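Some notes on the structure that comes next.
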Amino acid sequence: MEANQQRDERLWRIAKSRARFRSHLMVYLIVNGFLWIIWLLTNKHQNGVPWPVWPMIGWGLGLAFNYYHAFHRDTLGDVNREYERLRQEQQQRSQ
């Protein structure tokens, strides 16, 4: 029964992480949309790189890490694999 409780806690953490990512993505899209609207209304005829690109790149990098953490990284699985690897190394040394 205890293993099921731990597994449920792990799934709960994953679900929270994914929900946070989706919220973060929505805020990113809304805020950057407003930045582009401001740029379009104020700087139509200027040459060069539009300034909203810079916050999009910086924030987008953070968002990419958030995505990886939420959908492609199982921290508990990583920890368990590392623990098993270290335990096997220790057993080999003691033999």
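Coordinate-derived values only; no laboratory data. Predicted, not measured: the structure shown is a model, and the values here were computed from it.
Put simply, the C-alpha atoms of the chain give a gyration tensor, and the ellipsoid matching it has half-axes of 45, 18, 5 Å, longest first. Relative contact order of region 2-94: 39 percent, from C-alpha pairs under 8 Å at least 6 residues apart in sequence.
Residue by residue, region 15-21 carries 3J(HN,Hα) couplings of 4, 5, 4, 5, 5, 4, 4 Hz when phi is fed to the Karplus relation 6.51 cos²θ - 1.76 cosθ + 1.60 (θ = phi - 60°); x denotes Gly or Pro.
Summed over qualifying helices (DSSP H, 4 residues or more, each -39500 (n - 2.57)) and divided by its residue number, the chain shows a 222 nm mean residue ellipticity of -30000 deg cm²/dmol.
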